[in-house]
Amino acid sequence: MNFYVDVILPIPIDQLFCYEITESEFDFIKPGSRVSVPFGKSRIITGVVFNSHNERPLSYDVKHIHQIIDEIPIVNENQLSFWDWMSKYYMCGIGELMKASIPSVLLIESETIISLNKKTEFNHNEFSDDEFLIYEALLKGLELTIYEISEILNKKNVFKIIQSLNEKHIIQIDEKLYSKYKPKLKRFVEINILNKDTFSVSEIKEKLKRSPKQLSLFVNLLKLNLREFISVDDLKKKFDVSSSLIKNLIDKDILKEHFIEINRFNNTVSTVIPINKLSQSQEKAYKKIQLSFKKNNPVLFHGVTSSGKTEVYVKLIQDALIQKNQILYLVPEIALTTQVVRRLTNFFGDKVLVYHSGYSINQRVEVWNKISTNKSCQLIVGARSSLLMPFKSLKLIIVDEEHEQSYKQQEPAPRYHARDASLVLSRIFNSNILLGSATPSVESYNNAVVLNKYDLVELKKRYNDVLMPVIELIDLKMKYAKKLMNGHFSDSLVNEIFDTVSNHKQVILYQNRRGFSPIVECEDCGTSPTCINCDVSLTYHLNTNSLKCHYCGFGIPLINKCSSCHSNNIITVGFGTEQVEEEVKAIFPNYRVKRLDYDTTRKKNSFEKLISDFENQKIDILIGTQMITKGLDFKNVKLVGILNADNSLNFPDFRAYERSFQLIQQVSGRAGRSSERGKVCVQTYNPKHKILQNIINDDYISMFEEEISDRVKYNYPPNCKLIKITLKHKDYSIINESSDWLGKYLRQFFKKNILGPEFPHVIRVRNKFQKNILIKIQKNKSLNQTKSIIIKSKKSLSSIAKFKSVQIIINVDSY
């Protein structure tokens, strides 16, 4: 009888790969174990075992696995089930999920190693200069990698030279497995006890007589009477000595060095803060949530901004930790983890683990290992990627700010929605799940109040009965007509800022566009510089005095002459956060002003520093993009200014009104979070807009009812499911022909429930033209049947020679 395993490989192909194993390996190997397997002609890569069986595949020759890497599987069966569901639902390869889940350094790969063939005699006259250099290096008994050979020859392409040496039988080419993971090591030293047997202390002192600094350090170490190692860092601080001085003592065998693996994270706090007692309304919400959890029902927790949802989360987390369980706390953005982690660490200390893509690869490996071994109860805080961790005893999932579109992964695959996927993960682990928001998504609220899929728990008042902020709509049309504008600031907003800062309170100004100006154009002919790779205008950035593309990163210095008519009359159109910052500094030269956007938070810890400075009232006015709207808590903010509410309202998207409501409500919620009532100034050209009226009245229900009515009328989610198919290609005519062909093919099955193919508002990105096809799937239609039709159509299109190179991206629940 033959034995086989199906292996998941980290490649974007939707299939498992079968490999042969021995009977003893069959008894030993388990699903979730890593194995190194041959793939292609000579490459060896790491895969994860999905299952084992006795059925030989008929379509291809089966290779034997290279080796079993794990005795204990690093991926558990629950995780494999989750990958399997996600790959089927989001129509991606299970290998893409494996690649997204497992830190890349745990996916050991092979590296080409070149060594000397000692069985062959060489004629040195046959060598070229480059070949002789490689031969000389190998003669020293070295094994060289391709990179090292490239360094020796100072050439990028060395494959022809390697091929020539191989044909002459001078070298051997092997594949060697390697891993890039490096644990963090700390250097410690101690007095070398072996010296005590060989030399007396006085003899060592005599030996160091001519090196007074070394002698002084040795004497000081003797005085310490160390019973354990001392770190080199502590030694340098304590005695003000250099690394070279310590090294000299190590070289003389007077000190002995040790390297000890240490934790890359420091979550320890001097004292853990006791958890606050819940208010009456919080206690009522907490008990309702507990009751729903006992019934295993998902809970939608709708609490207004500053109502104290986090305090309820903390109490629920405490309950789960007492039971020695794992808890996953999802936040929509990496940036938001800073404040959340600080607060949770104050309560739970070293039980808090943080995981997100902003961490270094070695940090991610350490968190992965801690979660997979599950030696103690843990609270894992992270962005959407933390959903893919190897949980062992996950019993509570909290999805904070569940309405946020950041939970949806767009590029690359898997294009999953963390909120929706977390509901499935909770079923796999039989765990409780809580979705929290001040402005729930229409889909979630519909699931709660219409379909009864979730239990709804509400907190309708702010903590300590603090009043919701006053919202004032400022009519920009009227202000411009009466010439009451100072740049992009109305007189009303300027006066409010002045009054607020004069009273030692803080201001947040919101403009959801970074850079100085989105468009730079010639006032004479209207020409605007565009990206060479994308069909989009370049954005002007004042701090670098350059024009940049926000799609591909292409940039050029700021132009001072039109490329078309050679006029010097260059102007900026529109405004971003940089321009707002410049205007604020001009209007209020004595105020402390900072900007919080992607450009100012690229450096490590820059976000944390800005937030800390604002919390500690070192900043009077903070200007920001969406980053400042997401759950941040500032006690001293009294005023929020929204410079242009119309940008989001007029966006071409069926969710524009819902998202505008959520965004303005969320940013408004940063104001007046302590005893004093806050104020929000919203500048708009359309103050009578129904969404703005809903915001003034804090009327979520009316917004929800209007949105549901429109979506039923025009057939959009939650009334149906959406699948978007995007086609990409460098050739404009091929993208048109292929999308038309696919559109006609799909229209046979979906009739009027297919939209497109249509170009998006940015037609070309990174030198590829793109076209979209949108499929609406009715509630009474089979989702699996629809997906099988889409997969069949994709294969049919790829089988046409002309369209083989067209990239096809399938995005389920693309909104």
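The values are calculated or read from the model by the stated rules, or taken from the named source; none is laboratory data. Small disclaimer: the values here were computed from a predicted structure and weren't measured. No Cβ is skipped: glycine too gets one built from the backbone with ideal geometry, and neighbour counts run over all protein chains shown. Ligands, DNA and RNA are stripped out before the accessible areas are found, and what is left, the full protein with its side chains, is counted by its heavy atoms. Shrake-Rupley method; radii C 1.70, N 1.55, O 1.52, S 1.80 Å.
Rounded to the nearest 0.05, what FRET efficiency do residue 207 and residue 168 have when you use their Cβ-Cβ distance and R0 = 51 Å? The value I calculate is 0.40.
By DSSP, the beta bridges lying fully in the chain are antiparallel in about 60 percent of cases.
Other residues with beta-carbon under 12 Å from the beta-carbon of residue 211 carry, at +1 per Lys or Arg and -1 per Asp or Glu, a net charge of +4. Karplus-derived 3J(HN,Hα) values for region 60-68, using 6.51 cos²θ - 1.76 cosθ + 1.60 with θ = phi - 60°, are 7, 6, 8, 9, 8, 5, 7, 6, 8 Hz; glycine and proline are entered as x. Note on the chain: with charges restricted to the Cβ of Lys and Arg (+1) and Asp and Glu (-1), its dipole about the Cα centre is near 1320 debye. Rank 539, 562, 611 by how far each Cα sits towards the positive end of the charge dipole of region 538-613 (+1 on Lys, Arg Cβ; -1 on Asp, Glu Cβ) and give me just the farthest. Of 539, 562, 611, it is 611.
Considering only 150, 517, 782, the residue lying farthest towards the positive end of the dipole of the chain is 782, judged by Cα position with unit charges set on Cβ. Fully extended, how many nm does the chain gain between residue 605 and residue 544 (0.36 nm per residue separation, minus their Cα-Cα distance)? 19.9 nm is the gain from fully extending residue 605 to residue 544. Most tightly packed first, judged by the mean number of other beta-carbon atoms within 10 Å of their residues, the peptides 655-661, 18-24 read 655-661, 18-24. Peptide packing for 366-373, 274-281 was compared via the average number of neighbouring C-beta atoms within 10 Å per residue; ordered from the highest value, the list is 366-373, 274-281. Full extension of the chain between residue 485 and residue 733 yields a length gain of 84.5 nm, computed as 0.36 nm times the residue separation minus the alpha carbon distance. A 1.4 Å probe run over the protein chains yields, for the chain, 49 Å² of accessible area per residue, whole-number rounding. The apolar share of the surface of the chain, taken as the fraction of accessible area on carbon and sulfur atoms (1.4 Å probe, ligands and nucleic acids excluded), comes to 49 percent. Projecting the Cα atoms of 21, 48, 10 onto the dipole axis of region 1-77, where Lys and Arg carry +1 and Asp and Glu carry -1 at the beta carbon, places 10 farthest toward the positive end. Which residues does the label zone of residue 778 cover in region 721-756, counting backbone N under 18 Å from a point 7 Å along Cα→Cβ? Backbone N within reach: 721-723, 746-755. Shown is the FRET efficiency for residue 586 and residue 499, computed with R0 = 25 Å from the Cβ-Cβ distance and rounded to the nearest 0.05: 0.85. Placing a label point 7 Å from the Cα of residue 807 along the Cα-to-Cβ direction, the residues of region 698-741 whose backbone N falls under 18 Å of that point are 724-739. Between residue 28 and residue 792, the modelled labels are 4.5 nm apart [label points 7 Å from Cα along Cα→Cβ]. With 0.36 nm allotted per residue and the present C-alpha distance subtracted, the residue 291-residue 699 stretch has 144.1 nm of extension available.
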